[in-house]
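Student: Quick one: the structure is below, and I'll ask about it shortly.
The values are calculated or read from the model by the stated rules, or taken from the named source; none is laboratory data. Everything quoted here is computed from the prediction, not taken from an experiment. Here the Cβ is made from the backbone with ideal geometry for all residues, glycine too, and neighbour counts use every protein chain on show.
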Amino acid sequence: MDFFKLAKSRRSIRAYQPREVEAEKLQQILQAANDAPSAGNRQAYEIVVVRDAARIRRLVKAAWDQTFIAQAPVLLVFLTSPQRNRERYDRRGVELYCVQDATIACAYAQLAATELGLATCWIGAFSDEAVADAVGAAEPMRPVAMLPVGYPAEQPDPRPRRRLNDLVHRERVGDKEP
């Protein structure tokens, strides 16, 4: 699949088949996340792979009872690792770059899963404290996203997107392309 078809085919899936994700596919997803660019190549993030049903239930509760998450056999939790940036980038690295790094890694994982015939749904609505507690992440680490991964049990239609001329600005915000 070429990239543009891949990007158009990705959907947020909220129903998963009761089927395990093969170890090889999970490894490819994690490798894609590791291949993602990061500020100064510091890779200021961590990924926790969660397969344990009890822990996933805790994470469902932390995500304000988004119960579909528990259908997925694998849940990836992306956390900031700000200490990796502190020395090189000071405050901006600690407050921003590590969040960007984790976000980009999650996006790469999401696209890799799509390429492999798997489904995901970006989860950003959750209690930071409850997620950190569930995966044993200590301060100053902070959860950025959770990504359930599994085989899709639904095929939703594409959702509407903003028109490019409403989204893209030339020179400054408010300048529109004719």
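Student: Which pairs do you get when a residue that is modelled with pLDDT under 95, found in segment 55-76, comes within reach of a residue that is part of a loop (DSSP other than H, G, I, E, B) and charged (D, E, K, R), reach meaning Cβ atoms under 7 angstrom, with the pair 6+ apart or on two chains?
Tutor: Qualifying pairs under 7 Å: none.
Student: Count, please, the residues in segment 93-127 that happen to be modelled with pLDDT under 95 and surrounded by fewer than 18 Cβ atoms within 10 Å (Cβ to Cβ).
Tutor: Of the residues in that region, 0 qualify.
Student: Which of (1) surrounded by 11 or more Cβ atoms within 10 Å (Cβ to Cβ); (2) at pLDDT below 95; (3) part of a loop (DSSP other than H, G, I, E, B) does Glu177 not meet, given it meets every other one?
Tutor: Among (1) surrounded by 11 or more Cβ atoms within 10 Å (Cβ to Cβ); (2) at pLDDT below 95; (3) part of a loop (DSSP other than H, G, I, E, B), the lone unmet condition for Glu177 is (1).
Student: Of the residues that sit in segment 91-130 and are hydroxyl-bearing (Ser, Thr, Tyr) and part of a helix (DSSP H, G or I), which one is farthest from Tyr151 (Cα to Cα)?
Tutor: Across segment 91-130, the extreme among qualifying residues is Tyr97.
Student: List the number of the failed condition for Asp166; all other conditions in (1) under 28 Å from Glu20 (Cα atoms); (2) not in a loop (DSSP other than H, G, I, E, B) hold.
Tutor: Evaluating Asp166 over (1) under 28 Å from Glu20 (Cα atoms); (2) not in a loop (DSSP other than H, G, I, E, B) leaves (1) as the failure.
Student: Can you report the number of residues in segment 57-90 which are assigned to a helix (DSSP H, G or I), buried (at least 21 other Cβ atoms within 10 Å of the Cβ) and either among the basic types (Lys, Arg) or within 17 Å of the chain's Cα centre (by Cα) (or both)?
Tutor: Total meeting the criteria: 5.
Student: Looking at Leu147, Leu116, can you tell me which residue is in contact with a Lys or Arg (Cβ under 7 Å, 6 or more places away or on another chain) and in contact (Cβ under 8 Å) with a residue 12 or more places away in the chain?
Tutor: Sole residue among the options that is in contact with a Lys or Arg (Cβ under 7 Å, 6 or more places away or on another chain) and in contact (Cβ under 8 Å) with a residue 12 or more places away in the chain: Leu116.
Student: Out of contact with any strand residue (DSSP E or B) (no Cβ under 8 Å at 6 or more places or on another chain), among the basic types (Lys, Arg), touching a residue at least 40 places away in the same chain (Cβ under 8 Å) and part of a helix (DSSP H, G or I): does that describe Lys25?
Tutor: Yes: the conditions hold for Lys25.
Student: Determine whether segment 131-150 contains at least one residue that is surrounded by fewer than 17 Cβ atoms within 10 Å (Cβ to Cβ), at pLDDT 95 or above and touching a strand residue (DSSP E or B) at 6+ places or on another chain (Cβ under 9 Å).
Tutor: Scanning segment 131-150, I find at least one residue that is surrounded by fewer than 17 Cβ atoms within 10 Å (Cβ to Cβ), at pLDDT 95 or above and touching a strand residue (DSSP E or B) at 6+ places or on another chain (Cβ under 9 Å), so the answer is yes.
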